[in-house]
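Below you'll find the structure, written out as structure tokens, and then a few comments.
Coordinate-derived values only; no laboratory data. Given the structure is predicted, the values throughout are model-derived calculations rather than measurements. Cβ placement follows ideal geometry from the backbone for every residue including glycine, while neighbour counts extend to all protein chains displayed.
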Amino acid sequence: MKADRGADYDRSVEPRVAISYLGGHSQFAGGYDHALIVVIGGVIGLYSWLVFVMAFDHDGLIGPRYNAPGVDYMVYWLAARAAMAGDFALLADPVAFTDQINTHFHAWLSAPLSLFAWLYPPHFLLILLPFAVLPFALSYAAFQITSFIAAVAAGSYFWAGDARRRAVWLVGLALAPATSVNAIAGQNALLTLALLLGGVGLFGRRDFAAGAILGLLSYKPQFALMVPVALLAARNWRALAGAAVSASSAVALSAAVFGLAPWWDWLGHAVPGGLMGGAADPAWSQTGRLWGLSVWAWATVLGAPGWLANAAQVAVVILAAACTWIAFRGQFGRDRRMAVLLTATLIAAPHCSSYDLVLAAAAVLLLYRAALDGIVTIPSLSLLVLPWCAPLATVPRSSAFGLGVPVVILGLLLMLLSPLRDRQLSR
């Protein structure tokens with residue numbers, strides 16, 4: 001099995017047809033010129049970065065009405081500062097923590113925040129500590145730039161070849177609307193993407209190290225749900241061991257550094273409500289999860305009772321797990337498996353937001369590259385454009401367009417499993 005896996009993943013990643021990535025001519029099925037895809041994607045990407053620039057003028061002139069740039073990173077920065085001071089009681093009190101944010105950043109915010117709780121496992125603080133020693137603005141920029149560089153580097157496993165080929169990945173990720181939305185919020189979606197790409201990219205080469213990288217996704221547990229499914233389906237026991245060692249070591253190290261109290265506080269929020277219902281913290285369910293893109297939020301906004309919204313979320317987790325199992329147990333190649341895992345991770349997450357759609361953007365870029373290489377025939381331009389634009393539709397609670405985003409993600413996942421062409425994404 002290991003030899004078969006190695007053959008699958010070490011296969012040449014050169015294009016199968018001669019295409020100039022930055023200026024040649026090629027067409028998708030239906031007559032769509034790939035240059036049109038580049039123009040549409042580039043214009044949308046530039047618009048999204050203009051929204052980022054305007055966010056520094058608070059509401060700005062275009063785009064959604066953002067309170068201020070870096071609001072979510074305020075949570076990270078203050079939490080890490082509190083951890084450095086040993087003030088874990090502040091992290092366990094959402095109201096006091098929000099008051100602290102409003103007080104410290106009153107000149108930065110255009111209006112006080114209602115409720116911003118610290119809900120991450122304590123070992124995420126270990127990642128944030130080096131950034132917390134910097135002033136906020138510098139720390140905010142450093143975290144975003146470092147995460148982007150990590151994602152680009154991890155993606156190089158899937159974009160080997162000449163410089164023009166790698167430039168498609170670099171420029172594509174930079175122009176993805178989800179990347180700018182992530183920067184506006186100051187979020188960690190690019191870090192999540194880097195861990196997923198880096199882990200799967202090492203399959204068949206450094207299996208234990210691959211698992212160790214994937215195990216670090218435990219810092220954001222809802223995005224680690226599909227990892228054990230993928231590893232079990234692939235029968236990659238060394239990677240599974242690496243993930244277990246990595247995750248448990250991160251927990252142990254954080255307990256040694258911070259003590260057990262932060263873990264008890266975090267478990268008090270996470271466990272009683274479960275991954276689906278959020279009943280342990282009704283305030284978070286109201287102000288946080290309902291403003292997300294999960295199937296639970298989608299069903300709740302549409303008026304579904306709590307039991308039905310939870311059942312819908314469980315159902316989509318099972319579906320995502322089945323898709324992941326099929327991809328990693330079958331004859332799918334590295335690229336296709338990666339795209340399936342990214343999309344399944346996103347749709348299965350009990351809470352995700354517009355910035356997390358950077359995972360879908362990476363899957364779209366893999367699909368686009370495969371179309372240029374002549375590996376896959378894309379039946380419709382919208383199959384690339386809709387997931388790419390999805391972050392601009394915001395979330396179901398704030399926009400009718402947002403109601404379509406979970407549907408688009410699910411459609412992308414099912415399309416990746418459908419027989420578009422025998423050789424599609426088969427490297």
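Quick notes
- FRET efficiency, Arg329 to Val245 (Cβ-Cβ, R0 22 Å, nearest 0.05): 0.40
- Taking 0.36 nm per residue of separation and subtracting the current Cα-Cα distance, fully stretching the chain between Leu138 and Arg65 would add 23.9 nm.
- Neighbour-count ranking [beta-carbon atoms within 10 angstrom, fewest first] of Leu366, Leu173, Leu417: Leu417, Leu173, Leu366
- Cα-projected label distance for Ser399 with Ala261, points at 7 Å along beta-carbon direction, nm: 4.3
- Where labels lie 7 Å past Cα in the beta-carbon direction, separation of Ala174 and Val53 in nm: 1.5
- Using θ = phi - 60° and Karplus 6.51 cos²θ - 1.76 cosθ + 1.60, couplings along region 399-406 (whole Hz; Gly, Pro as x): 7, 4, 5, x, 5, x, 5, x
- Distance from the alpha carbon centroid of region 296-351 to that of region 191-205 works out to 19 angstrom.
- Distance in nm between pseudo-label sites at Ala35 and Arg235 (7 Å out along the Cβ direction from Cα): 4.9
- Coordinate range along principal axes, alpha carbons of region 304-407, Å, largest first: 45, 31, 22
- Peptide packing for 96-105, 407-416 was compared via the average number of neighbouring C-beta atoms within 10 Å per residue; ordered from the highest value, the list is 407-416, 96-105.
- Per-residue Cβ neighbour rank within 10 angstrom, fewest leading, Ser254, Ser353, Ser156: Ser156, Ser254, Ser353
- FRET efficiency for the pair Ala89 and Ser110, taken as 1/(1 + (r/R0)^6) with r the Cβ-Cβ distance and R0 = 35 Å, rounds to 0.75.
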